[in-house]
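Since the structure comes first, as structure tokens, the remarks are kept for the end.
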Amino acid sequence: MPTAYLALTLAGALSVLLAYFPVKREPLTGPSFFIAWLPLEVSVQLIVGEALLAVVFGVFGAFDAVAGWIGLGAAAVTSLGLAGLAAVGYRAQGVVGAALAELDPPYRVAELPVARAWARWWRVFRAAPLRPHAIQAVHDIDYAGDGRRMHRLDVFRPRGVDLVGAPVMVYFHGGAWILGDKREQGKPMLYELVSRGWVCVAVNYRLSPKATWPDHVVDCKRAIAWVKEHIAAYGGDPSFVAVSGGSAGGHLSSLVALSAGDPTWQPGFEEADTSVQACTPFYGVYDMTGDPSTSGRYGPSLKHLLERRVMKVRIADERELFEQASPTYRVHREAPPFFVFHGRNDTLVPVADARHFVAALRRVSASPVAYAELPKAEHAFDVLASPRSRATTAGVAAFLEALRAAEGWSGTDGPGGVDPTASGDVPARPH
């Protein structure tokens, strides 16, 4: 029992060590991320877990030998490290607020709004972003009309309330373009926005290796076209649509935002409106060329993934294809407003990629560009309902609502928002 306790506490100590000092060299970047992710996002819960573990093992005699006491010392040091990570997570609100404060009027936001969906402390402690009963979900709408499982989306809206021209958020999941599902990611942000009177949409798209680029972005743009045509039936305003996503979804949402109306990626729906009014990508891949100074900084794995499973051609043979698929190479003056989020300790997508993309946007775009680089944050920091995701969610809401206000929209006082005196439901499928 003492040896087992020592082994568990040393494993916990290793995870916290990697949270502070991640390995940024392939092939160890993936294992480093997976080991360190939980300590970064549920630090307080793990401190409680360390205490409970000590009590349970103590009851069964873990401290009858020296190994048990060494384990207890390791647990104490680990808990101190976790407390430090928790403090950094809670300070994310200041980082996000500072990013917003750097914007020029009329988009300046002095402080982050109170996040309604996070008003109770136990929601953050629970961590799992469970859908509240007050949010209605309409699942598996076929946005392409072909009956394929990968061409489905979910719509989330306030339950029992009539919406009139509510703003819309469309979310694309991550998963390296080869895995993932609309049910898995982005829920803290989507549920929070719905609680503010938004309509939110989570989208599935075709995945590699069955799909070959540009199938992925074609599907995302087709989903935007569906939203523009049908979202009014769910209370949404098709004239104010924002897009977001994490990792591969951050890449796809950025590319959608920068390529409105591109007929190359709209086969069969070339005339459809696929423009969006804002983009808030999380830890996205913005340079698909594998440039060693940006997306390939940690090694060649991205290049190999794209060549073998996603693009299915070599960069050396079709470099233009990879550049066209890179948001960094597609920035232009008419780009919509962006708020880019990235973790400074991201071991899967180098933070240099985000910095380079933001710099390119700021050089060219006439729209506001905000950037929050979160200390100690790893990849996928917004999946759980953590203090860090609470801060980024509040930042997204502040940014988008300030943008709407600058354009003459002000929630329930303008054309969009919730009518609190009305009630009703929406059809399960658009008519």
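Readers should treat all values here as calculations from the given coordinates under stated rules, not as data from a laboratory. As the structure is a prediction and not an experimental result, all values here were calculated from the model. A quick note on method: Cβ atoms are made from the backbone with ideal geometry, for glycine too, and the neighbour counts reach across all protein chains shown.
Antiparallel versus total DSSP beta bridges in the chain: what percent is that, nearest 5?
On the way: 11 of 35 bridges.
Bridges in the chain are about 30 percent antiparallel.
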In nanometres, what is the gap between the two model label sites at E334 and A233, each 7 Å from Cα along Cα-to-Cβ?
3.0
As an exercise, use a Förster radius of 60 Å and the Cβ-Cβ distance of A137 and V66 to find the FRET efficiency, rounded to the nearest 0.05.
0.65
Return the whole-Å distance between the Cα centroid of the range 242-302 and the Cα centroid of the range 81-100.
27
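Based on the Cβ-Cβ distance from F21 to E270, what FRET efficiency comes out when R0 is 35 Å, to the nearest 0.05? Provide the component values of the computation, followed by the final result.
Values: r = 50 Å, r/R0 = 1.43.
The calculated FRET efficiency here is 0.10.
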Alpha carbon centroid spacing (whole Å) that separates the range 135-169 from the range 7-79
41
Residue by residue through the range 86-93, the couplings from Karplus 6.51 cos²θ - 1.76 cosθ + 1.60 with θ = phi - 60°, in Hz, x for Gly and Pro, are 4, 4, 5, x, 5, 6, 4, 4
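So between A76 and K210, what do we pick up on full extension, going 0.36 nm a residue minus the alpha carbon distance? Don't skip to the answer; put the middle values down first.
Numbers: separation 134, 0.36 × 134 = 48.24 nm, distance 4.84 nm.
Here the segment from A76 to K210 would lengthen by 43.4 nm.
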Enumerate the lysines that K221 could reach by cross-link, defined here as Cα to Cα under 29 Å, with residues fewer than 8 away along the same chain left out.
K182, K187, K210, K303, K312
Radius 11 Å from Cβ of L255, net charge of other residues (Lys, Arg +1; Asp, Glu -1)
+1
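Rank the residues L255, L190 as a footprinting-exposure proxy: fewest other Cβ atoms within 10 Å of their Cβ go first.
Working: L255 28, L190 25.
So the residues, fewest neighbours to most, are L190, L255.
Among R308, R152, rank each residue by its count of other Cβ atoms within 10 Å, from fewest to most, as a rough exposure measure. Don't skip to the answer; put the middle values down first.
Working: R308 13, R152 20.
Ordered from fewest to most neighbouring Cβ atoms within 10 Å, R308, R152 come out as R308, R152.
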For the range 92-413, rounded, prolate or oblate, judged on the Cα gyration tensor with a ≥ b ≥ c (square roots of eigenvalues), a/c < 1.5 rounded, else prolate if a/b > b/c?
rounded
Arrange the following residues from fewest to most other Cβ atoms within 10 Å of their Cβ: I70, I224, I231.
I70, I231, I224
Spatially proximal lysines relative to K376 (Cα-Cα < 16 Å; intrachain offsets below 8 disregarded)
K24
Would you work out the relative contact order for the chain, in percent, from Cα pairs under 8 angstrom that are 6 or more residues apart?
20
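With 15 Å as the cut-off, how large is the P(r) tail for the range 2-90, expressed as percent of Cα-Cα pairs?
Details: 2221 of 3916 pairs.
Of all Cα-Cα pairs in the range 2-90, 57 percent lie more than 15 Å apart.
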The answer for Y371, listing residues at least 5 apart or on another chain whose modeled amide H is closer than 5 Å to its amide H, is V340
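Express in nm, to one decimal, how much length is gained between T3 and A83 on full extension, taking 0.36 nm for each residue of separation and deducting their alpha carbon distance. Present the calculation step by step, with values, prior to reporting the outcome.
Details: separation 80, 0.36 × 80 = 28.80 nm, distance 2.54 nm.
Here the answer is 26.3 nm.
Between E318 and L28, what is the FRET efficiency for a Förster distance of 22 Å, r being their Cβ-Cβ separation, to the nearest 0.05?
On the way: r = 30 Å, r/R0 = 1.37.
Efficiency at R0 = 22 Å is approximately 0.15.
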How far, in degrees from 0 to 90, does helix 2-20 lean away from the longest principal axis of the Cα atoms of the chain, to the nearest 10?
40
